[in-house]
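The next block holds one structure in the form of structure tokens; read it before the comments.
The values are calculated or read from the model by the stated rules, or taken from the named source; none is laboratory data. Since this is a predicted model, take the numbers as computed values, not measurements. As a convention, Cβ positions derive from the backbone with ideal geometry for all residues, glycine included, and neighbour counts pool all protein chains shown. Protein only, heavy atoms only, side chains kept; ligands, DNA and RNA dropped before computing areas. Shrake-Rupley method; radii C 1.70, N 1.55, O 1.52, S 1.80 Å.
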Amino acid sequence: INGYQYTLNRRGREGQSYWRCTNRLCRGRAVTSEEDEVMSVNNLHDHEPDCVEVAVKKVVQEMKTRARSEATSIPKIYAQTIRTACEDEEVTAILPTFNSIRTSLYQSRRQRYPPMPESVDDLDFSGEWAVTDKNETFYHP
């Protein structure tokens, strides 16, 4: 919000989320509704906003979202996102390298897929895994 970063402090009884500035010494706070709409911000920050760091986090989050939702290779997602998202040289200068973010992107990708079976008996073809793209049964035991 306004170039400041927040971390979740607690959840309220009526669905609100209470946030505090990621700088632990800062008194900046915010409250959002259950629908993630900003309800209030106290702006008692004792430091300047870091718009560059916020931009970097958005680029990284976009990579992770794409890794979860697309079949595109992880190196290609990284390259495409870097190419399209970074027009600001300040942002580009502090973006993580592929090697430093690779593991995190592959972990995001694994959230979409079921765990590897240890034997054929462990195979579970249910839900979206039970049919092909042409809506035909994928596996007949």
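Before moving on, here are some points about what is shown:
- Between helix 98-110 and the chain: long-axis angle, C-alpha atoms, 0 to 90°, nearest 10: 60 degrees
- Over all other residues within a Cβ to Cβ distance under 13 Å of residue 73, the charged ones net out to +3, with Lys and Arg as +1 and Asp and Glu as -1.
- Computed from the Cβ-Cβ distance with R0 of 41 Å, the FRET efficiency linking residue 36 to residue 89 stands at 0.85.
- Accessible surface of the chain, 1.4 Å probe, proportion on carbon and sulfur as whole %: 48 percent
- Averaged per residue, the stretch 1-71 has 68 square angstrom of accessible surface, using a 1.4 angstrom probe with ligands and nucleic acids left out.
- Amide H within-cut-off set for residue 9, under 5 Å, with H built and near neighbours excluded: 18, 19, 20
- Between helix 51-69 and the chain: long-axis angle, C-alpha atoms, 0 to 90°, nearest 10: 10 degrees
- The stretch 17-30 - phi-based ³J(HN,Hα) in whole Hz, Karplus 6.51/-1.76/1.60, Gly and Pro as x: 10, 9, 10, 10, 4, 5, 7, 4, 8, 8, 9, x, 9, 8
- The chain: most fluctuating residue of 93, 71, 130 per GNM, C-alpha cutoff 10 Å: 130
- Principal-axis tilt of helix 74-85 within the chain, Cα atoms, nearest 10 degrees: 40 degrees
- Mean silhouette area of the stretch 34-141, derived from the convex hull of its C-alpha atoms and averaged over all directions, reads 11.7 nm².
- A Förster radius of 30 Å, combined with the Cβ-Cβ distance separating residue 82 from residue 48, puts the computed FRET efficiency at roughly 0.70.
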